[in-house]
Amino acid sequence: MKLEFICEYGPAGDQCFGYNVKIEAPCTVKEFIEEVLRQRTDEWGTFEIGKAENMKYLDAMV
């Protein structure tokens, strides 16, 4: 699964960064979280998933 991490803020006072993530195709929440953890083994934090009406599916990655 191709993910594009878009830095939205950071570094914060504790050296944290915030990201939005674009995905190339629909997936389950489980698939998404497992892929992020697979690709970003050296990072830690929380997942925040917004309301469906705020999400956008893109046919092609920019």
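Every condition in (1) modelled with pLDDT under 90; (2) assigned to a helix (DSSP H, G or I); (3) among the acidic types (D, E) is met by D59 except one, and the failing one is (2). Across region 1-21, a minimum of one residue is classified as surrounded by fewer than 11 Cβ atoms within 10 Å (Cβ to Cβ), assigned to a loop (DSSP other than H, G, I, E, B), among the charged types (D, E, K, R) and modelled with pLDDT under 85.
The values are calculated or read from the model by the stated rules, or taken from the named source; none is laboratory data. Remember, predicted model here, so these are calculated numbers, not experimental data. Positions of Cβ are generated from backbone atoms using ideal geometry, with glycine treated the same way; all protein chains shown enter the neighbour counts.
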